[in-house]
Amino acid sequence: MGAGVPVAPLPRVLSIAGTDPTGGAGVQADLKSIAAHDGYGMAVVTALVAQDTVGVRSVHVPDAVFLRQQLDAVSDDVTIDAVKTGMLGTAEVVRVVVDWLRAHRPAWVVVDPVMSATSGDRLLDADAESAMTELFALADLVTPNRDELRVLAQLAGAAPTDGTTTDGIDAARAVARRWDVRVLAKGGHDDGPSSDDALVSPDGTVRVFTGPRVATTNTHGTGCSLSSAIATLVARHGDWELAVGSAKTWLTAALRGADALQVGRGHGPIDHNALVRAALPTPRWTDAWWVDATEVLDETLDCRFLRGLADGTLDPEVFAGYLAQDVHYLRAYEQHLATIAAGSTGEAAAFWTTASEGCAAEARDLHHRRLAGSHADDPVHPVCAGYLAHLADAARQGDGDDSAAGDVSTTGDVSATGDVSVLAAAVLPCFRVYAWVGERLGTAPVGHPFADWITAYGDPGFAASSARATELVEELARRAGPELRGRMARAFRQSVAQELAFFRMPEQLGEPV
(Lines give C-alpha, C1' and ligand atoms only; values in the text may rest on other atoms or scores of the structure.)
Protein backbone atom coordinates (compact mmCIF):
# COMPACT_ATOMS: atom_id res chain seq x y z
CA MET A 1 0.00 0.00 0.00
CA GLY A 2 1.45 3.33 -1.02
CA ALA A 3 2.14 6.05 1.50
CA GLY A 4 -0.83 8.29 2.16
CA VAL A 5 -3.39 5.89 0.65
CA PRO A 6 -6.26 5.56 3.16
CA VAL A 7 -7.09 2.06 4.33
CA ALA A 8 -10.80 1.34 4.68
CA PRO A 9 -11.75 -0.07 8.06
CA LEU A 10 -13.19 -3.56 8.28
CA PRO A 11 -16.98 -3.61 8.01
CA ARG A 12 -18.33 -3.32 11.56
CA VAL A 13 -21.36 -5.57 11.62
CA LEU A 14 -23.80 -6.04 14.49
CA SER A 15 -25.82 -9.22 14.82
CA ILE A 16 -29.02 -8.96 16.87
CA ALA A 17 -30.14 -12.53 17.40
CA GLY A 18 -30.52 -15.52 19.67
CA THR A 19 -27.86 -18.00 20.67
CA ASP A 20 -26.96 -21.54 19.68
CA PRO A 21 -24.70 -23.36 22.15
CA THR A 22 -23.61 -25.80 19.44
CA GLY A 23 -22.25 -22.87 17.40
CA GLY A 24 -24.03 -23.62 14.15
CA ALA A 25 -26.74 -20.96 14.18
CA GLY A 26 -27.66 -17.70 15.89
CA VAL A 27 -25.11 -15.12 16.91
CA GLN A 28 -22.37 -17.75 16.99
CA ALA A 29 -22.89 -18.52 13.30
CA ASP A 30 -23.25 -14.81 12.52
CA LEU A 31 -19.91 -13.98 14.09
CA LYS A 32 -18.23 -16.82 12.17
CA SER A 33 -19.74 -15.60 8.90
CA ILE A 34 -18.71 -12.01 9.53
CA ALA A 35 -15.15 -13.09 10.37
CA ALA A 36 -15.03 -15.33 7.28
CA HIS A 37 -15.68 -12.21 5.19
CA ASP A 38 -13.08 -10.13 7.00
CA GLY A 39 -15.55 -8.10 9.00
CA TYR A 40 -15.56 -7.09 12.63
CA GLY A 41 -18.47 -8.85 14.28
CA MET A 42 -20.51 -7.69 17.27
CA ALA A 43 -23.51 -9.35 18.87
CA VAL A 44 -26.49 -8.37 20.98
CA VAL A 45 -28.35 -11.37 22.39
CA THR A 46 -32.14 -11.38 22.11
CA ALA A 47 -32.75 -14.89 23.44
CA LEU A 48 -30.84 -17.68 25.10
CA VAL A 49 -31.75 -20.83 23.19
CA ALA A 50 -31.05 -24.32 24.50
CA GLN A 51 -30.78 -26.07 21.16
CA ASP A 52 -28.61 -28.53 19.30
CA THR A 53 -28.53 -30.00 15.80
CA VAL A 54 -31.60 -32.12 16.63
CA GLY A 55 -33.93 -29.46 17.95
CA VAL A 56 -34.78 -26.66 20.33
CA ARG A 57 -35.20 -27.60 23.99
CA SER A 58 -36.10 -24.29 25.56
CA VAL A 59 -35.87 -20.54 25.05
CA HIS A 60 -35.14 -17.89 27.66
CA VAL A 61 -35.82 -14.28 26.66
CA PRO A 62 -33.91 -11.72 28.75
CA ASP A 63 -35.64 -8.62 30.05
CA ALA A 64 -36.41 -6.08 27.32
CA VAL A 65 -34.73 -3.33 29.34
CA PHE A 66 -31.52 -5.31 29.33
CA LEU A 67 -31.84 -5.83 25.57
CA ARG A 68 -32.01 -2.09 25.03
CA GLN A 69 -29.01 -1.62 27.33
CA GLN A 70 -27.03 -4.02 25.16
CA LEU A 71 -28.01 -2.17 21.99
CA ASP A 72 -27.18 1.23 23.46
CA ALA A 73 -23.85 -0.01 24.78
CA VAL A 74 -22.80 -0.81 21.22
CA SER A 75 -24.20 2.23 19.44
CA ASP A 76 -22.98 4.70 22.09
CA ASP A 77 -19.40 3.57 21.51
CA VAL A 78 -18.97 1.93 18.10
CA THR A 79 -19.73 3.08 14.57
CA ILE A 80 -21.96 0.37 13.10
CA ASP A 81 -21.75 -0.14 9.35
CA ALA A 82 -24.39 -2.85 9.04
CA VAL A 83 -26.97 -4.62 11.18
CA LYS A 84 -28.31 -8.11 10.70
CA THR A 85 -31.28 -9.22 12.79
CA GLY A 86 -32.06 -12.85 13.41
CA MET A 87 -34.23 -14.52 16.01
CA LEU A 88 -36.26 -11.90 17.89
CA GLY A 89 -38.81 -14.23 19.40
CA THR A 90 -41.44 -11.95 20.91
CA ALA A 91 -43.33 -8.83 19.92
CA GLU A 92 -41.74 -6.92 22.80
CA VAL A 93 -38.24 -7.78 21.58
CA VAL A 94 -39.16 -6.75 18.03
CA ARG A 95 -40.43 -3.39 19.25
CA VAL A 96 -37.26 -2.71 21.26
CA VAL A 97 -35.15 -3.42 18.18
CA VAL A 98 -37.41 -1.27 15.99
CA ASP A 99 -37.21 1.66 18.40
CA TRP A 100 -33.43 1.39 18.59
CA LEU A 101 -33.09 1.17 14.79
CA ARG A 102 -35.19 4.27 14.34
CA ALA A 103 -32.67 6.14 16.50
CA HIS A 104 -29.47 4.48 15.29
CA ARG A 105 -30.13 3.01 11.85
CA PRO A 106 -26.86 2.25 9.98
CA ALA A 107 -26.47 2.38 6.23
CA TRP A 108 -27.27 -1.30 5.71
CA VAL A 109 -29.91 -3.42 7.46
CA VAL A 110 -30.56 -7.09 6.72
CA VAL A 111 -33.50 -8.83 8.38
CA ASP A 112 -33.54 -12.60 8.59
CA PRO A 113 -37.14 -13.21 9.77
CA VAL A 114 -36.31 -16.26 11.86
CA MET A 115 -39.66 -17.91 12.44
CA SER A 116 -38.58 -21.55 12.66
CA ALA A 117 -35.37 -23.57 13.00
CA THR A 118 -34.07 -26.08 10.44
CA SER A 119 -35.37 -28.75 12.81
CA GLY A 120 -38.90 -27.32 12.39
CA ASP A 121 -39.17 -25.75 15.83
CA ARG A 122 -41.11 -22.48 15.97
CA LEU A 123 -38.93 -19.51 17.03
CA LEU A 124 -41.34 -16.60 16.60
CA ASP A 125 -44.74 -16.26 18.25
CA ALA A 126 -47.83 -15.05 16.41
CA ASP A 127 -47.78 -11.55 17.94
CA ALA A 128 -44.16 -11.13 16.93
CA GLU A 129 -44.95 -12.09 13.34
CA SER A 130 -47.27 -9.11 13.16
CA ALA A 131 -44.75 -6.82 14.90
CA MET A 132 -42.13 -7.82 12.36
CA THR A 133 -43.88 -5.78 9.71
CA GLU A 134 -42.67 -2.63 11.50
CA LEU A 135 -39.11 -3.94 11.23
CA PHE A 136 -39.44 -4.55 7.48
CA ALA A 137 -40.07 -0.84 6.96
CA LEU A 138 -36.57 -0.18 8.36
CA ALA A 139 -34.84 -2.96 6.42
CA ASP A 140 -32.98 -2.93 3.12
CA LEU A 141 -33.11 -6.68 2.59
CA VAL A 142 -35.26 -9.51 3.99
CA THR A 143 -33.97 -13.08 3.66
CA PRO A 144 -36.81 -15.54 4.45
CA ASN A 145 -36.66 -19.25 3.83
CA ARG A 146 -39.46 -20.83 1.77
CA ASP A 147 -41.88 -21.35 4.66
CA GLU A 148 -41.19 -17.90 6.09
CA LEU A 149 -41.72 -16.31 2.68
CA ARG A 150 -45.11 -17.98 2.45
CA VAL A 151 -46.14 -16.50 5.80
CA LEU A 152 -44.81 -13.04 4.89
CA ALA A 153 -46.62 -13.10 1.56
CA GLN A 154 -49.88 -13.80 3.36
CA LEU A 155 -49.16 -10.90 5.74
CA ALA A 156 -48.63 -8.78 2.62
CA GLY A 157 -52.05 -9.79 1.33
CA ALA A 158 -50.87 -12.15 -1.42
CA ALA A 159 -52.63 -15.38 -2.31
CA PRO A 160 -51.20 -18.59 -0.76
CA THR A 161 -48.33 -20.15 -2.74
CA ASP A 162 -47.42 -23.76 -3.38
CA GLY A 163 -43.68 -23.26 -2.77
CA THR A 164 -42.45 -23.53 -6.37
CA THR A 165 -39.70 -21.24 -7.61
CA THR A 166 -42.12 -19.20 -9.75
CA ASP A 167 -44.56 -18.77 -6.91
CA GLY A 168 -41.63 -17.94 -4.61
CA ILE A 169 -40.68 -15.01 -6.82
CA ASP A 170 -44.32 -13.90 -6.97
CA ALA A 171 -44.48 -14.08 -3.17
CA ALA A 172 -41.22 -12.13 -2.88
CA ARG A 173 -42.61 -9.46 -5.21
CA ALA A 174 -45.63 -9.11 -2.97
CA VAL A 175 -43.48 -8.70 0.13
CA ALA A 176 -41.07 -6.33 -1.59
CA ARG A 177 -43.89 -4.17 -2.91
CA ARG A 178 -45.77 -4.14 0.38
CA TRP A 179 -42.85 -2.98 2.55
CA ASP A 180 -40.60 -1.33 -0.05
CA VAL A 181 -37.78 -3.74 0.70
CA ARG A 182 -35.56 -6.12 -1.25
CA VAL A 183 -36.37 -9.78 -0.72
CA LEU A 184 -34.08 -12.74 -1.27
CA ALA A 185 -36.21 -15.72 -2.24
CA LYS A 186 -33.94 -18.69 -1.51
CA GLY A 187 -34.06 -21.95 -3.42
CA GLY A 188 -32.33 -24.19 -0.94
CA HIS A 189 -35.53 -26.15 -0.22
CA ASP A 190 -36.42 -26.65 -3.88
CA ASP A 191 -35.64 -29.76 -5.93
CA GLY A 192 -33.37 -30.20 -8.91
CA PRO A 193 -29.63 -30.00 -9.62
CA SER A 194 -29.36 -26.27 -9.00
CA SER A 195 -30.20 -24.05 -6.06
CA ASP A 196 -31.38 -20.70 -7.37
CA ASP A 197 -31.80 -17.60 -5.20
CA ALA A 198 -33.79 -14.67 -6.54
CA LEU A 199 -33.07 -11.10 -5.41
CA VAL A 200 -36.34 -9.23 -5.87
CA SER A 201 -36.44 -5.43 -5.73
CA PRO A 202 -39.44 -3.27 -4.70
CA ASP A 203 -39.99 -2.32 -8.35
CA GLY A 204 -40.41 -6.00 -9.21
CA THR A 205 -37.10 -6.54 -10.99
CA VAL A 206 -35.41 -9.87 -10.31
CA ARG A 207 -31.86 -11.13 -10.51
CA VAL A 208 -31.42 -14.87 -10.12
CA PHE A 209 -28.20 -16.28 -8.64
CA THR A 210 -27.67 -19.87 -9.73
CA GLY A 211 -25.49 -22.36 -7.91
CA PRO A 212 -25.13 -26.12 -7.70
CA ARG A 213 -27.27 -27.93 -5.17
CA VAL A 214 -25.05 -29.52 -2.53
CA ALA A 215 -26.14 -32.95 -1.38
CA THR A 216 -25.97 -32.63 2.39
CA THR A 217 -28.35 -32.69 5.32
CA ASN A 218 -25.98 -30.50 7.34
CA THR A 219 -27.71 -27.19 6.84
CA HIS A 220 -28.14 -26.01 10.43
CA GLY A 221 -27.85 -22.22 10.61
CA THR A 222 -27.72 -21.73 6.84
CA GLY A 223 -30.10 -18.76 6.90
CA CYS A 224 -28.30 -17.07 9.79
CA SER A 225 -24.95 -17.52 8.11
CA LEU A 226 -26.03 -16.31 4.68
CA SER A 227 -27.75 -13.15 5.94
CA SER A 228 -24.79 -12.10 8.10
CA ALA A 229 -22.42 -12.76 5.20
CA ILE A 230 -24.53 -10.52 2.95
CA ALA A 231 -24.60 -7.78 5.60
CA THR A 232 -20.81 -7.84 5.81
CA LEU A 233 -20.30 -7.89 2.06
CA VAL A 234 -22.74 -5.08 1.31
CA ALA A 235 -21.00 -2.91 3.90
CA ARG A 236 -17.78 -3.51 1.95
CA HIS A 237 -18.99 -3.36 -1.67
CA GLY A 238 -21.92 -0.97 -1.29
CA ASP A 239 -23.90 -3.07 -3.78
CA TRP A 240 -26.56 -5.66 -2.99
CA GLU A 241 -26.05 -7.79 -6.08
CA LEU A 242 -22.32 -8.12 -5.47
CA ALA A 243 -23.00 -8.95 -1.85
CA VAL A 244 -25.61 -11.62 -2.59
CA GLY A 245 -23.58 -13.23 -5.39
CA SER A 246 -20.39 -13.40 -3.32
CA ALA A 247 -22.26 -14.70 -0.28
CA LYS A 248 -23.90 -17.45 -2.34
CA THR A 249 -20.52 -18.60 -3.69
CA TRP A 250 -19.22 -18.73 -0.11
CA LEU A 251 -22.27 -20.60 1.14
CA THR A 252 -21.91 -23.25 -1.56
CA ALA A 253 -18.35 -23.92 -0.39
CA ALA A 254 -19.49 -23.91 3.24
CA LEU A 255 -22.16 -26.51 2.47
CA ARG A 256 -19.67 -28.68 0.59
CA GLY A 257 -17.45 -28.72 3.65
CA ALA A 258 -20.27 -29.33 6.11
CA ASP A 259 -20.16 -33.13 6.24
CA ALA A 260 -16.47 -33.16 7.14
CA LEU A 261 -17.13 -31.18 10.33
CA GLN A 262 -18.91 -34.14 11.96
CA VAL A 263 -20.76 -31.94 14.45
CA GLY A 264 -23.96 -33.24 16.02
CA ARG A 265 -26.39 -36.09 15.41
CA GLY A 266 -29.01 -34.10 13.49
CA HIS A 267 -28.73 -31.34 10.91
CA GLY A 268 -25.12 -30.31 11.42
CA PRO A 269 -23.66 -26.85 10.77
CA ILE A 270 -21.99 -25.58 7.64
CA ASP A 271 -18.23 -25.01 7.39
CA HIS A 272 -17.94 -21.25 7.75
CA ASN A 273 -14.18 -21.31 7.11
CA ALA A 274 -14.22 -23.43 3.95
CA LEU A 275 -13.18 -20.65 1.56
CA VAL A 276 -10.79 -19.10 4.07
CA ARG A 277 -9.09 -22.45 4.51
CA ALA A 278 -8.92 -23.03 0.75
CA ALA A 279 -7.12 -19.69 0.28
CA LEU A 280 -4.46 -20.48 2.86
CA PRO A 281 -1.55 -22.88 2.57
CA THR A 282 -2.25 -26.25 4.13
CA PRO A 283 -0.77 -26.07 7.63
CA ARG A 284 2.13 -28.44 8.17
CA TRP A 285 2.70 -30.09 11.52
CA THR A 286 6.46 -30.33 11.04
CA ASP A 287 6.67 -26.62 10.23
CA ALA A 288 4.90 -25.83 13.50
CA TRP A 289 7.40 -28.03 15.36
CA TRP A 290 10.30 -26.25 13.65
CA VAL A 291 8.98 -22.79 14.51
CA ASP A 292 8.44 -23.95 18.09
CA ALA A 293 12.18 -24.78 18.26
CA THR A 294 13.37 -21.37 16.98
CA GLU A 295 15.07 -20.28 20.20
CA VAL A 296 16.97 -23.55 20.54
CA LEU A 297 18.01 -23.40 16.87
CA ASP A 298 19.36 -19.88 17.32
CA GLU A 299 21.42 -21.06 20.29
CA THR A 300 22.66 -23.99 18.23
CA LEU A 301 24.00 -21.83 15.43
CA ASP A 302 25.66 -19.53 17.94
CA CYS A 303 27.44 -22.22 19.97
CA ARG A 304 31.24 -22.04 20.16
CA PHE A 305 31.74 -25.41 18.49
CA LEU A 306 29.98 -24.40 15.27
CA ARG A 307 31.53 -20.94 15.25
CA GLY A 308 34.97 -22.51 15.58
CA LEU A 309 34.13 -25.04 12.90
CA ALA A 310 32.96 -22.31 10.54
CA ASP A 311 35.99 -20.02 10.92
CA GLY A 312 38.52 -22.85 11.15
CA THR A 313 39.71 -22.06 14.71
CA LEU A 314 38.34 -25.24 16.28
CA ASP A 315 41.02 -27.40 17.94
CA PRO A 316 41.41 -30.54 15.78
CA GLU A 317 41.72 -32.71 18.92
CA VAL A 318 38.43 -31.36 20.23
CA PHE A 319 36.87 -32.06 16.86
CA ALA A 320 38.20 -35.62 16.93
CA GLY A 321 36.67 -36.12 20.36
CA TYR A 322 33.35 -34.87 19.01
CA LEU A 323 33.58 -37.28 16.06
CA ALA A 324 34.20 -40.20 18.39
CA GLN A 325 30.91 -39.45 20.12
CA ASP A 326 29.20 -38.99 16.78
CA VAL A 327 30.28 -42.50 15.79
CA HIS A 328 28.62 -43.87 18.92
CA TYR A 329 25.53 -41.91 17.97
CA LEU A 330 25.52 -43.06 14.33
CA ARG A 331 25.75 -46.73 15.29
CA ALA A 332 22.56 -46.41 17.30
CA TYR A 333 20.94 -44.04 14.81
CA GLU A 334 21.52 -46.57 12.03
CA GLN A 335 19.49 -49.15 13.93
CA HIS A 336 16.70 -46.70 14.71
CA LEU A 337 16.37 -45.82 11.03
CA ALA A 338 16.24 -49.54 10.25
CA THR A 339 13.46 -49.89 12.84
CA ILE A 340 11.47 -47.17 11.09
CA ALA A 341 12.07 -48.89 7.75
CA ALA A 342 10.78 -52.17 9.18
CA GLY A 343 7.61 -50.38 10.31
CA SER A 344 7.07 -48.69 6.94
CA THR A 345 6.05 -49.81 3.47
CA GLY A 346 6.81 -48.97 -0.13
CA GLU A 347 8.88 -45.90 -0.93
CA ALA A 348 8.96 -44.88 2.72
CA ALA A 349 10.55 -48.17 3.74
CA ALA A 350 13.09 -47.83 0.92
CA PHE A 351 14.02 -44.31 2.01
CA TRP A 352 14.55 -45.21 5.66
CA THR A 353 16.56 -48.30 4.65
CA THR A 354 18.84 -46.20 2.45
CA ALA A 355 19.23 -43.64 5.23
CA SER A 356 20.18 -46.39 7.68
CA GLU A 357 22.81 -47.73 5.31
CA GLY A 358 24.10 -44.20 4.83
CA CYS A 359 24.85 -43.90 8.55
CA ALA A 360 27.32 -46.77 8.34
CA ALA A 361 28.95 -45.27 5.26
CA GLU A 362 29.26 -41.86 6.92
CA ALA A 363 30.87 -43.27 10.03
CA ARG A 364 33.30 -45.26 7.89
CA ASP A 365 34.22 -42.70 5.24
CA LEU A 366 33.98 -39.34 7.03
CA HIS A 367 34.41 -39.96 10.72
CA HIS A 368 37.14 -42.59 10.97
CA ARG A 369 39.32 -40.72 8.50
CA ARG A 370 39.61 -37.89 11.02
CA LEU A 371 39.61 -39.77 14.31
CA ALA A 372 42.87 -39.59 16.21
CA GLY A 373 44.07 -42.82 17.78
CA SER A 374 43.47 -41.55 21.30
CA HIS A 375 39.79 -40.98 20.54
CA ALA A 376 38.95 -44.14 18.64
CA ASP A 377 38.08 -45.95 21.86
CA ASP A 378 36.44 -43.07 23.73
CA PRO A 379 33.50 -44.25 25.87
CA VAL A 380 30.02 -42.88 25.37
CA HIS A 381 29.83 -39.41 26.89
CA PRO A 382 26.82 -38.70 29.17
CA VAL A 383 25.45 -36.16 26.67
CA CYS A 384 25.59 -38.70 23.85
CA ALA A 385 24.13 -41.36 26.15
CA GLY A 386 21.25 -39.01 27.00
CA TYR A 387 20.43 -38.45 23.35
CA LEU A 388 20.50 -42.18 22.64
CA ALA A 389 18.31 -42.87 25.66
CA HIS A 390 15.79 -40.36 24.30
CA LEU A 391 15.74 -42.10 20.90
CA ALA A 392 15.36 -45.50 22.54
CA ASP A 393 12.45 -44.17 24.57
CA ALA A 394 10.84 -42.84 21.38
CA ALA A 395 11.23 -46.27 19.80
CA ARG A 396 9.52 -47.89 22.76
CA GLN A 397 6.53 -45.62 22.33
CA GLY A 398 5.60 -47.50 19.20
CA ASP A 399 3.12 -49.52 21.21
CA GLY A 400 1.41 -46.31 22.38
CA ASP A 401 2.48 -46.91 26.00
CA ASP A 402 4.04 -43.82 27.54
CA SER A 403 5.02 -45.93 30.57
CA ALA A 404 7.86 -47.30 28.47
CA ALA A 405 9.89 -44.24 29.44
CA GLY A 406 12.00 -45.91 32.10
CA ASP A 407 15.36 -47.64 31.90
CA VAL A 408 16.33 -47.62 28.26
CA SER A 409 19.26 -48.94 26.31
CA THR A 410 21.78 -46.46 24.99
CA THR A 411 22.89 -48.83 22.24
CA GLY A 412 19.87 -48.33 20.04
CA ASP A 413 19.26 -52.09 20.05
CA VAL A 414 15.46 -51.96 19.76
CA SER A 415 12.83 -53.73 17.74
CA ALA A 416 9.72 -52.37 16.11
CA THR A 417 6.74 -52.53 18.46
CA GLY A 418 4.11 -51.22 16.07
CA ASP A 419 3.67 -47.57 15.12
CA VAL A 420 6.96 -45.81 14.35
CA SER A 421 5.56 -42.27 14.29
CA VAL A 422 7.16 -41.07 17.53
CA LEU A 423 10.54 -42.56 16.61
CA ALA A 424 10.38 -40.99 13.15
CA ALA A 425 9.67 -37.59 14.71
CA ALA A 426 12.58 -38.11 17.12
CA VAL A 427 15.11 -38.90 14.37
CA LEU A 428 13.98 -36.07 12.08
CA PRO A 429 16.01 -33.29 13.79
CA CYS A 430 19.24 -35.11 12.96
CA PHE A 431 18.31 -34.58 9.32
CA ARG A 432 16.86 -31.10 9.56
CA VAL A 433 19.23 -29.47 12.04
CA TYR A 434 22.36 -30.65 10.21
CA ALA A 435 20.98 -29.61 6.81
CA TRP A 436 19.95 -26.25 8.28
CA VAL A 437 23.39 -25.73 9.81
CA GLY A 438 25.04 -26.67 6.52
CA GLU A 439 22.94 -24.13 4.65
CA ARG A 440 24.05 -21.38 7.03
CA LEU A 441 27.71 -22.36 7.16
CA GLY A 442 27.92 -21.98 3.41
CA THR A 443 30.90 -23.06 1.32
CA ALA A 444 34.30 -23.50 2.95
CA PRO A 445 37.17 -21.64 1.25
CA VAL A 446 40.08 -23.55 -0.26
CA GLY A 447 42.44 -24.75 2.45
CA HIS A 448 39.83 -24.60 5.24
CA PRO A 449 40.81 -27.25 7.85
CA PHE A 450 37.25 -28.57 8.10
CA ALA A 451 36.22 -28.16 4.48
CA ASP A 452 35.22 -31.81 4.11
CA TRP A 453 32.89 -31.62 7.10
CA ILE A 454 31.31 -28.29 6.11
CA THR A 455 30.82 -29.67 2.61
CA ALA A 456 29.08 -32.73 4.05
CA TYR A 457 26.76 -30.50 6.08
CA GLY A 458 25.81 -28.49 3.00
CA ASP A 459 25.63 -31.38 0.53
CA PRO A 460 22.58 -30.93 -1.76
CA GLY A 461 21.95 -34.66 -1.57
CA PHE A 462 21.71 -34.49 2.20
CA ALA A 463 19.39 -31.48 1.96
CA ALA A 464 17.15 -33.51 -0.35
CA SER A 465 17.18 -36.40 2.12
CA SER A 466 16.24 -34.01 4.91
CA ALA A 467 13.32 -32.70 2.85
CA ARG A 468 12.15 -36.24 2.07
CA ALA A 469 12.39 -37.31 5.71
CA THR A 470 10.34 -34.26 6.63
CA GLU A 471 7.64 -35.19 4.12
CA LEU A 472 7.44 -38.74 5.45
CA VAL A 473 7.15 -37.57 9.05
CA GLU A 474 4.59 -34.98 7.96
CA GLU A 475 2.47 -37.76 6.49
CA LEU A 476 2.70 -39.74 9.73
CA ALA A 477 1.64 -36.65 11.70
CA ARG A 478 -1.26 -36.06 9.32
CA ARG A 479 -2.56 -39.57 9.92
CA ALA A 480 -2.06 -39.44 13.69
CA GLY A 481 -4.66 -38.45 16.24
CA PRO A 482 -4.01 -35.56 18.64
CA GLU A 483 -2.56 -37.76 21.41
CA LEU A 484 -0.04 -39.49 19.15
CA ARG A 485 0.72 -36.25 17.31
CA GLY A 486 1.45 -34.61 20.65
CA ARG A 487 3.97 -37.31 21.50
CA MET A 488 5.57 -36.80 18.10
CA ALA A 489 5.85 -33.05 18.72
CA ARG A 490 7.45 -33.59 22.11
CA ALA A 491 9.89 -36.16 20.70
CA PHE A 492 10.91 -33.72 17.97
CA ARG A 493 11.32 -30.86 20.45
CA GLN A 494 13.47 -33.00 22.75
CA SER A 495 15.67 -34.13 19.85
CA VAL A 496 16.29 -30.52 18.79
CA ALA A 497 17.38 -29.78 22.37
CA GLN A 498 19.59 -32.88 22.30
CA GLU A 499 21.21 -31.65 19.08
CA LEU A 500 22.16 -28.41 20.83
CA ALA A 501 23.54 -30.36 23.78
CA PHE A 502 25.54 -32.52 21.35
CA PHE A 503 27.13 -29.46 19.75
CA ARG A 504 27.96 -28.09 23.19
CA MET A 505 29.37 -31.41 24.33
CA PRO A 506 32.96 -30.70 23.14
CA GLU A 507 33.15 -28.06 25.85
CA GLN A 508 32.78 -30.90 28.36
CA LEU A 509 35.41 -33.19 26.83
CA GLY A 510 38.25 -31.67 28.82
CA GLU A 511 39.58 -29.48 26.03
CA PRO A 512 38.91 -25.80 25.43
CA VAL A 513 37.03 -24.95 22.30
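The values are calculated or read from the model by the stated rules, or taken from the named source; none is laboratory data. Please read all numbers here as calculations on a predicted model, not as lab measurements. Cβ: placed from backbone, ideal geometry, glycine included. Neighbour counts: every protein chain shown. Accessible surface areas use protein heavy atoms only, side chains included; no ligands, DNA or RNA. Shrake-Rupley method; radii C 1.70, N 1.55, O 1.52, S 1.80 Å.
Observations on the structure shown:
- Proximal charge balance of residue 138 [Cβ under 15 Å; K/R count +1, D/E count -1]: +1
- For the chain, the longest principal axis of the Cα atoms and the long axis of helix 126-136 meet at an angle of about 80 degrees.
- Between the amide H of residue 52 and those of 57, distances stay under 5 Å, these residues lying 5 or more places away or on another chain, with hydrogens modeled in the peptide plane.
- Angle between the chain longest axis and helix 346-362 axis [Cα atoms, degrees, rounded to 10]: 30
- Helix 421-441 axis, angle to the chain major axis (alpha carbon atoms, nearest 10°): 70
- Once the mean of 1/r is taken over each pair of separate Cα atoms and inverted, the chain shows a Kirkwood hydrodynamic radius of 27.4 Å.
- Once the C-beta distance of residue 237 and residue 459 is scaled by a Förster radius of 60 Å, the resulting FRET efficiency is 0.65 to the nearest 0.05.
- Just the protein heavy atoms count here, and of the accessible area of the chain at 1.4 Å, carbon and sulfur take up 52 percent.
- Each part gets one Cα centre, and for the range 8-32 versus the range 204-268 those centres are 14 Å apart.
- Here's the picture: a label point sits 7 Å out from the Cα of residue 443 along the beta-carbon direction, and within the range 457-489 the residues with their amide nitrogen under 20 Å of it are 457-464.
- Theoretical gain in end-to-end length, residue 79 to residue 48 [0.36 nm per residue, Cα-Cα removed]: 8.6 nm
- Our estimate of slack between residue 345 and residue 208, defined as 0.36 nm per intervening residue step minus the Cα-Cα distance, is 44.0 nm.
- Derived scalar couplings ³J(HN,Hα) [the range 265-282; Karplus, 6.51 cos²θ - 1.76 cosθ + 1.60; whole Hz; x for Gly, Pro]: 9, x, 7, x, x, 7, 8, 4, 9, 4, 6, 4, 5, 5, 7, 9, x, 5
- Dipole moment magnitude, nearest 20 debye, the chain about Cα centre, only Lys, Arg, Asp, Glu C-beta charged: 1100
- Looking at the chain, the accessible area is 44 square angstrom per residue; that uses a 1.4 Å probe and ignores ligands, DNA and RNA.
- Note on residue 276/residue 215: beta-carbon distance plugged into 1/(1 + (r/R0)^6) with R0 of 22 Å gives a FRET efficiency of 0.45.
- Projected label points at residue 302 and residue 155, each 7 Å from Cα along the beta carbon direction, are separated by 6.7 nanometres.
- FRET efficiency, 1/(1 + (r/R0)^6) with R0 35 Å, evaluated for residue 191 and residue 262 via beta carbons: 0.85
- Dipole of the chain, positive end: most advanced residue of 79, 28, 183 [Cβ charges, Cα centre]: 183
- Dipole of the chain [Lys/Arg +1, Asp/Glu -1 at C-beta], most positive-end residue of 223, 461, 240: 240
- Taking all Cα pairs closer than 8 Å and separated by 6 or more residues, the relative contact order of the chain comes to 11 percent.
- Overall, the range 314-365 carries a charge dipole of about 200 debye about its Cα centre when +1 sits on the Cβ of Lys and Arg and -1 on the Cβ of Asp and Glu, all other atoms neutral.
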